[in-house]
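Notes to accompany the following structure.
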Amino acid sequence: MEYAHNKYIKKYEFGNPYDTGAVVARIDKTAGIPDRFRFDAETDTFSYTMKEKDMVFGLGETVRGINKRGWIYVSNNSDDPVHDENKTSLYASQNFFVVDDGKDVFGVFIDNPGSVTFDIGYTDANVLSIHPEYNDTSFYVIEGASPLEIIRSFRELIGKSYIPPIWAFGYGQSRWGYKTAGDIREVAAGYKELGIPLDMIYMDIDYMQDFKDFTINPERFPDFENFVKEMKTEGIHLVPIIDAGVKIEEGYDVYEEGKANGYFCKKENGEDLVAAVWPGKVHFPDFLNEEASRWFGEKYKVLTDAGIEGFWNDMNEPAIFYTEDHLKEVFAQVKEFEQKELDIWGFFDFKDVVGSIANNPEDYRRFYHEFHGQKVRHDRVHNLYGFYMTKSASESFEKICPDKQILMFSRASYTGMHRYGGVWTGDNCSRWSHLLMNIQMMPGLNMNGFLYSGADIGGFGGNTTEDLMMRWVEFGIFTPLFRNHSALGTREQELYRFDRKEDFRHLIELRYALIPYIYEEFIKAAEHNGMYMMPLSFVYREDERCREIEDQLLAGEALMIAPVYEQNKTGRYVYLPEAMRLVRFRAYNDYDTEVLPKGDHYIKAALNEVLVFLRPGKELPLATPARQVDRINRKELQRISF
Ligand code: GLC
């Protein structure tokens with residue numbers, strides 16, 4: 001670790017903070033209570049009285065708007081597919097935020113891997129409070145003249161963001177339910193036939209033998225290695241899923257080795273915890289134990305040797321369908337209920353008992369890690385699990401395939417994981433409100449270093465519609481991770497299945513035309529600890545109006561985007577903080593443009609039209625699209641300038 005040169009960061013410590021791996025620079029600690037905060041030692045609560053104009057940005061992957069003020073957020077990685085506004089926890093814990101009243105601005109990072117509650121004006125409209133469940137906390141306060149300056153300092157503290165291979169900026173098709181090589185060939189052919197560019201097809205859990213990590217079902221995928229090659233000649237990378245739980249099955253090498261070496265998470269009595277996920281009963285590898293982590297990471301070699309160059313790590317909160325121990329308790333209680341008459345309260349109690357099977361908070365207290373040589377109960381470091389799973393894989397890639405750049409992203413995350421991989425935002429739904437949520441999540445993710453991120457385009461759960469899909473693609477064009485994914489049993493949403501095939505082709509081609517721009521801006525953000533997707537107020541500091549804009553973003557240094565995210569709308573209001581050149585794209589080579597003055601505008605955008613606003617003095621380079629990213633000529637570019 002090196003000393004951070006940045007004199008604007010102060011670190012305070014409470015209790016015995018864990019070395020979480022979030023931070024890469026050393027900062028000497030300052031004694032006392034963090035600047036600007038009060039501390040109530042009885043309740044372990046830090047509080048700050050918000051000024052009237054304070055807005056709060058950050059916290060990464062959370063519900064609600066870009067300005068987080070007015071709700072309560074709990075960093076407690078949760079496998080919860082219902083991303084309603086009233087949820088407090090999703091899959092990620094990214095504990096950095098910025099408070100900004102337009103002039104006075106500061107940042108806070110809470111390095112605590114257990115549950116942390118950020119009450120941002122929920123209990124008391126004017127108070128921002130931070131309450132770690134276990135107050136073993138490194139509390140960082142970052143000062144600076146502007147949000148972007150503070151974000152740069154913070155990112156110097158946590159290290160540079162992961163950069164995926166360039167093909168990972170292409171379009172990817174995924175679905176839970178592609179069962180065979182044949183199914184995947186069909187998807188590739190469907191896209192090829194219509195000339196819709198495609199770089200990746202994702203393989204969900206069905207490719208495995210009985211959902212066992214690092215196995216391939218030989219009946220569904222005979223001669224897997226050749227299949228990987230065949231797809232590569234089509235220009236397509238196959239990207240398999242890896243789940244956290246290891247199936248308990250005698251003779252299965254991952255299980256046997258993990259068991260023999262004591263690499264699984266153990267209960268108080270020293271026995272391996274038995275939980276259940278897709279494969280049925282599983283053990284959880286102890287990714288926090290260095291040796292176990294090294295061992296699991298090297299298992300990816302089974303797939304990299306077969307030519308695989310990308311992965312998504314899933315169910316790594318970890319998600320628990322049930323534990324063997326709690327299931328016994330539930331069955332015992334259910335027997336008791338069987339003898340009783342269920343009145344209304346009895347009915348609710350009964351429902352609670354049965355509903356307590358999955359992701360039960362008590363279950364997260366039943367097992368332990370060996371972390372830096374110490375036995376640590378899981379709930380104290382819960383939010384590190386997905387981070388360390390991804391770190392385990394990423395560190396092993398340097399050994400098992402040093403010449404390759406590997407695509408890696410994860411569902412669960414914690415600050416610091418951004419050095420090892422990206423994230424997708426989990427099981428959203430095919431709802432218009434979730435398209436807006438995708439737009440609003442991007443700045444928080446970027447602030448926390450998760451530049452390579454995106455949502456399931458079209459929505460994972462529920463049935464999508466053609467217009468929702470089209471509007472979502474129109475926004476997804478700008479997100480670094482651009483993947484269409486949906487759940488088993490939902491309406492099929494590969495783009496070639498819809499009526500407006502040409503429109504979809506034009507939109508995906510537009511993404512490919514924009515790749516030189518998107519990639520360059522992404523790399524700039526990664527290298528200079530900046531943001532690729534930003535709220536307007538981070539740049540237009542003097543413009544009061546920008547402070548409340550929740551549905552327009554800056555994408556890189558040249559563009560502002562204003563996606564349409566409502567049903568049956570053929571236009572929208574857009575606020576321009578300065579004169580800009582509107583480019584209304586129907587295709588990369590079919591657009592009209594117009595210079596618009598600063599101010600409010602109602603701008604038409606038919607269902608197949610994408611609104612892009614070019615800032616003064618900037619240029620938008622456009623490539624000629626190709627079927628895959630690698631085939632794009634990134635040197636020969638047309639330019640739209642303003
Ligand atoms: C989880 C993932 C989802 C995946 C499914 C089956 O719900 O979030 O993306 O399709 O598991 O593996």
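Structural remarks
- Cβ-Cβ distances below 7 Å connect the following pairs, each with a first residue in the stretch 602-613 that is farther than 17 Å from Asp551 by Cβ, a second residue that is of a type outside the set (Ser, Thr, Tyr) and part of a strand (DSSP E or B), and a separation of six or more residues or different chains: Asn608/Arg586.
- Against the list (1) in contact (Cβ under 8 Å) with a residue 40 or more places away in the chain; (2) not in a loop (DSSP other than H, G, I, E, B), the condition Phe221 fails is (2).
- Taken over the stretch 221-234, residues that are touching a helix residue (DSSP H, G or I) at 6+ places or on another chain (Cβ under 7 Å) and under 27 Å from Gly421 (Cα atoms) amount to 3.
- Meets criteria (assigned to a loop (DSSP other than H, G, I, E, B), within 30 Å of Glu225 (Cα to Cα), modelled with pLDDT of 95 or more and away from the ligand (no atom under 16 Å from the Cβ)) for Phe296: no
- Residue within the stretch 487-498 that is in a loop (DSSP other than H, G, I, E, B), over 18 Å from the mean Cα position of the chain (by Cα) and more than 16 Å from the ligand (Cβ to nearest atom) present: yes
- Residue that is surrounded by 18 or more Cβ atoms within 10 Å (Cβ to Cβ), of a type in the set (Ser, Thr, Tyr) and either touching an Asp or Glu at 6+ places or on another chain (Cβ under 6 Å) or closer than 30 Å to Arg505 by Cα (or both), where the choices are Tyr178, Tyr134: Tyr178
- Restricting the stretch 148-207 to residues that are among the hydroxyl-bearing types (Ser, Thr, Tyr), within 25 Å of the chain's Cα centre (by Cα) and not in a helix (DSSP H, G or I), the residue that is farthest from Gln405 (Cα to Cα) is Tyr178.
- The stretch 502-527 - residue that is within 21 Å of the chain's Cα centre (by Cα) and not charged (D, E, K, R) and, of those, nearest to Pro563 (Cα to Cα): Ile518
- Here Lys259 passes the criteria (1) surrounded by fewer than 20 Cβ atoms within 10 Å (Cβ to Cβ); (2) over 19 Å from His369 (Cβ atoms) except the one numbered (2).
- The numbered conditions (1) under 16 Å from Ile130 (Cα atoms); (2) free of Cβ contacts under 8 Å to residues at least 24 places away in the same chain; (3) charged (D, E, K, R) are all true for Lys7 except (1).
- Scoring Met437 on the criteria (1) part of a loop (DSSP other than H, G, I, E, B); (2) under 22 Å from Ala412 (Cβ atoms); (3) within 16 Å of the ligand (Cβ to nearest atom) leaves a single failure, condition (1).
- Here Tyr591 meets the list (1) of a type in the set (Phe, Trp, Tyr); (2) assigned to a strand (DSSP E or B); (3) closer than 20 Å to Arg155 by Cβ almost entirely, failing just condition (3).
- Complete set of residues in the stretch 455-478 that are within 16 Å of the ligand (Cβ to nearest atom) and part of a loop (DSSP other than H, G, I, E, B): Ala455, Gly458, Gly459, Phe460, Gly462, Asn463, Thr464
- Those residues of the stretch 540-598 which are in contact with a Lys or Arg (Cβ under 9 Å, 6 or more places away or on another chain), among the hydrophobic types (A, V, I, L, M, F, W, C) and surrounded by fewer than 20 Cβ atoms within 10 Å (Cβ to Cβ), in sequence order: Ala579, Ala587, Val595, Leu596
- Only one of the listed residues (Asp100, Asp54, Asp80, Asp111) is within 16 Å of the ligand (Cβ to nearest atom), of a type in the set (D, E, K, R) and surrounded by 18 or more Cβ atoms within 10 Å (Cβ to Cβ). That residue is Asp80.
- Filter pass, Trp312 being under 23 Å from the mean Cα position of the chain (by Cα), within 16 Å of the ligand (Cβ to nearest atom) and surrounded by fewer than 22 Cβ atoms within 10 Å (Cβ to Cβ): no
- Filter pass, Arg572 being under 20 Å from Met534 (Cβ atoms) and not in a loop (DSSP other than H, G, I, E, B): yes
Residues are listed down the side, and each one gets a yes or a no for (1) free of Cβ contacts under 8 Å to residues at least 40 places away in the same chain; (2) away from the ligand (no atom under 15 Å from the Cβ); (3) under 23 Å from Thr464 (Cα atoms); (4) not aliphatic (A, V, I, L, M):
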| position | (1), (2), (3), (4) |
| --- | --- |
| Ser174 | no, no, yes, yes |
| Ala188 | no, yes, yes, no |
| Ile196 | no, yes, yes, no |
| Ile205 | no, no, yes, no |
| His237 | no, yes, no, yes |
| Glu256 | yes, yes, no, yes |
| Asn269 | yes, yes, no, yes |
| Ala276 | no, no, no, no |
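- The set of residues from the stretch 83-97 being within 16 Å of the ligand (Cβ to nearest atom) and among the charged types (D, E, K, R) comprises just one member, Lys87.
The values are calculated or read from the model by the stated rules, or taken from the named source; none is laboratory data. All of these numbers come straight from a predicted model, not from anything done at the bench. Using ideal geometry, Cβ is built from the backbone for each residue, glycine included, and neighbour counts are taken over all protein chains shown.
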